[in-house]
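Asks: This is the structure, below, for whatever I ask next.
Readers should treat all values here as calculations from the given coordinates under stated rules, not as data from a laboratory. Just so we're clear, the structure is a prediction, and the values are computed from it rather than from any experiment.
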Amino acid sequence: MSQNFYSVAEVARKFRRHPRTIRDWILKGCPVPGGSVKLPATKLGKGWCVTEEQLALFEVRARSSSVGRPDLDLDGE
């Protein structure tokens, strides 16, 4: 079974955010009420990559923690 990997730039385009923001989500977490949710990622060389599974896990955690946070638009819409 092959797995799709996304670069920081691809994740940034998906969420309509700056790549630096995505790296912050990986390293520090995305702010949500009561704390933060980190975007799981794998370091490959000097860059980060995110699998589809890691991205889905992040979206579920961030959405469940972001009730009442309309500014946390993970759909990019």
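Asks: In terms of modelled amide H atoms, which long-range or inter-chain residues lie less than 5 Å from the amide H of W48?
Replies: V8
Asks: A further question follows. From the backbone phi of segment 21-27, what are the Karplus-calculated ³J(HN,Hα) couplings (6.51 cos²θ - 1.76 cosθ + 1.60, θ = phi - 60°) in whole Hz, Gly and Pro given as x?
Replies: Once θ is set to phi - 60°, the couplings for segment 21-27 become 4, 5, 4, 5, 4, 5, 7 Hz.
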